[in-house]
Amino acid sequence: MSGAPARDAAAMQRAALIADALAGLSAARKTLPCKWLYDAEGARLFEAITRLPEYYPTRTETGILTGQAEAIAAAVGPGAAVVEFGPGDGAKAALLLAGLRAPAAYVPVDIAPEWLEAAASRVAAARPGLPVLPVVADFTQGFALPQRLGAAPRLGFFPGSTIGNFEPAEATGFLRRLRATLGTGSRLLLGADLVKEVAVLEAAYDDAAGVTAAFNLNLLHRLNREAGAEFDPAGFRHRAVWNAALERIEMHLVSCHAQRVRLAGREIRFAEGETIHTESSHKYRPERLRALAAAAGWQVAATWMDPDRLFSVWLLDG
Ligand code: AVJ
């Protein structure tokens, strides 16, 4: 994209970032929506996270998709149109589609067109000739599927345990909307990270090399770059903590000392040790995931896990 529409989109994004930052940082418990972690630098850092020794989810899920490719293909059956929500670089879709029998199409859905191009070319390389029909949309809202899919059975694909970033009530609403978008009788292949030993979880979100810390702190750099904020990122440190009651890893930015920060004409005050909650990553027990799916109208058709039960992949019937 170029020209006025791209400039407008960037200006609208900036306005939304400032509005979210003002609202989140004025609250009694300071918070920022985790979607803002992913600017170009954030996306680059997340990519580096997926290759860390401590960060088990990506390689474990990829291992399941590879190792169980035959079983997944058999359960899905032939002729599926695969609709992926937030395809990233398309690596997992390429893996899935390479194993499926005669898939009808690949439909990556993302708000950011640059991701769609990366995913489209990756899948085109893995499955030459497969129609790729990208949709630019915010998949957390309702959107229309391409007409060209016709009557092909739909398979939603939502890997990566991105479902874990939603509060459980939001996750139910989101899964219900996906069912409405894909249509009754469609299927969904969903990746969900599992509850496990706290030390393993906390290390995955606070790695020795400090990549996750840089990923979290990039949010302050982004506010400085795009929202004209005046954060001193050295005045904050990364913390990842397991919230046992809510069964989630929380990422926070902890203020190292009392400080005031200017943001969009306002002054935000931080006490020493006060935090900005930047992300929640909910981990599921299999029975809870099953109940969450059922509450949204999905029934479990099959489940695959790695031998250590770190991660789960679910085929749901809608
Ligand atoms: C891509 C959102 C699933 O929660 O594990 C990784 C993001 N945050 N390390 C996750 C993330 C910190 C990741 N998700």
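The values are calculated or read from the model by the stated rules, or taken from the named source; none is laboratory data. Not measured: the values here are computed from a predicted model. Cβ sites come from the backbone with ideal geometry, for glycine too, and all protein chains shown count toward neighbours. Note: accessible area is taken over every heavy atom of the protein model, side chains too, but ligands, DNA and RNA are not part of it. Shrake-Rupley method; radii C 1.70, N 1.55, O 1.52, S 1.80 Å.
Using a Gaussian network model of the chain whose springs link C-alpha atoms within less than 10 Å, name the residue from 230, 197, 274 with the highest mean-square fluctuation.
197
Against the globular-protein guess of 2.2 N^0.38 Å, express the Cα radius of gyration of segment 227-318 as a ratio, rounded to two decimals. Intermediate results must be reported in sequence, preceding the final value.
Values: Rg = 19.7 Å, N = 92, 2.2 N^0.38 = 12.3 Å.
Computed over Cα atoms of segment 227-318, the ratio equals 1.61.
Report in % the part of the accessible area of segment 1-143 that belongs to carbon and sulfur, leaving out ligands and nucleic acids; probe 1.4 Å. Let's see the in-between values first.
Values: 4000 of 6680 Å².
Here carbon and sulfur together make up 60 percent of the probe-accessible area.
State the answer as a single residue: which of 233, 34, 181 lies farthest towards the positive end of the charge dipole of the chain, with beta carbon charges of +1 for Lys and Arg and -1 for Asp and Glu, about the Cα centre.
Farthest towards the positive end: 181.
Could you derive backbone 3J(HN,Hα) for segment 218-227 from the dihedral phi with the Karplus parameters 6.51, -1.76 and 1.60 (θ = phi - 60°), listing whole Hz in sequence and x where the residue is Gly or Pro?
4, 4, 6, 4, 5, 4, 5, 5, 9, 10
Mean separation of Cα pairs under 8 Å and 6+ residues apart, divided by the residue count of the chain: what relative contact order is that in percent?
Answer for the chain is 20 percent.
Sum -39500 (n - 2.57) across every DSSP H segment of at least 4 residues in the chain, then divide by the residue count to get the 222 nm mean residue ellipticity, nearest 500.
It lands at -12500 deg cm²/dmol.
Assuming R0 = 45 Å, can you tell me the calculated FRET efficiency for the pair residue 184 and residue 234, based on Cβ-Cβ distance, to the nearest 0.05? Spell out each step's value before the answer.
Numbers: r = 53 Å, r/R0 = 1.18.
Working from the Cβ atoms, E equals 0.25.
In a GNM of the chain with a 10 Å cut-off on Cα contacts, which of 165, 216, 224 has the highest mean-square fluctuation?
Top of the fluctuation ranking is 224.
Nearest 0.05, what FRET efficiency do residue 121 and residue 244 give at R0 = 41 Å with Cβ-Cβ as r?
Details: r = 43 Å, r/R0 = 1.04.
E(calc), rounded to 0.05, equals 0.45.
Return a whole-number percent for the relative contact order of segment 168-318, with Cα pairs under 8 Å and 6 or more residues apart as the contact set. Spell out each step's value before the answer.
On the way: 248 pairs, mean separation 46.2, N = 151.
Reported relative contact order: 31 percent.
Return one whole number: the accessible area per residue of segment 223-318 in Å², for a 1.4 Å probe. Spell out each step's value before the answer.
Values: 4280 Å² over 96 residues.
Here the residues of segment 223-318 average 45 Å² of exposed surface.
Going 7 Å from the Cα of residue 15 in the Cα-to-Cβ direction, what parts of segment 248-269 have a backbone nitrogen less than 19 Å from that spot?
Flagged as within label range: 264-266.
What chymotrypsin sites (Phe, Trp or Tyr not before Pro) in segment 90-183 are in a loop by DSSP, with at most 16 other Cβ atoms within 10 Å of the Cβ?
Numbers: sites: 106, 115, 139, 143, 157, 166, 174; in loops: 139, 143, 166.
For chymotrypsin sites (Phe, Trp or Tyr not before Pro) across segment 90-183 that sit outside H, G, I, E and B with at most 16 neighbouring Cβ atoms in 10 Å, the list reads 143.
Note down the magnitude of the dipole of segment 254-318 about its Cα centre, charges +1 on Lys and Arg C-beta and -1 on Asp and Glu C-beta and zero elsewhere, to the nearest 20 debye. Display every interim value, and only then the final one.
Values: 9 positive and 8 negative charges, 48 e Å.
That gives a dipole near 240 debye.
Determine the distance separating the Cα centre of segment 119-167 from the Cα centre of segment 283-318; give it in Å without decimals.
The distance from the Cα centre of segment 119-167 to that of segment 283-318 comes to 20 Å.
Counting DSSP beta bridges in the chain, what percent are antiparallel, to the nearest 5?
Numbers: 33 of 51 bridges.
DSSP beta bridges in the chain are roughly 65 percent antiparallel.
Could you give the nm distance between label points at residue 271 and residue 40, where each point is 7 Å from its Cα heading toward the beta carbon?
Modelled inter-label distance: 4.0 nm.
Remind me, relative contact order of segment 25-126 in percent, using alpha carbon pairs under 8 angstrom and six or more residues apart?
On the way: 103 pairs, mean separation 22.9, N = 102.
Across segment 25-126, relative contact order equals 22 percent.
What FRET efficiency, computed as 1/(1 + (r/R0)^6) with R0 = 41 Å and r the Cβ-Cβ distance, is obtained for residue 101 and residue 226, rounded to the nearest 0.05?
Working: r = 45 Å, r/R0 = 1.10.
Efficiency, from the Cβ-Cβ distance: 0.35.
Using the heavy atoms of the protein chains alone and a 1.4 angstrom probe, what is the accessible area of segment 69-210 per residue in square angstrom?
Details: 5730 Å² over 142 residues.
Per-residue value: 40 Å².
How far is it, in nm, from the label point at residue 254 to the one at residue 199 when both lie 7 Å from their Cα along the line to the Cβ?
Calculated label separation equals 2.0 nm.
With +1 assigned to the C-beta of every Lys and Arg and -1 to the C-beta of every Asp and Glu, and no other charges, what is the dipole magnitude of segment 83-166 about the Cα centre in debye, to the nearest 20? Walk me through the numbers before you get to the answer.
Values: 6 positive and 6 negative charges, 85 e Å.
Magnitude of the dipole: close to 400 debye.
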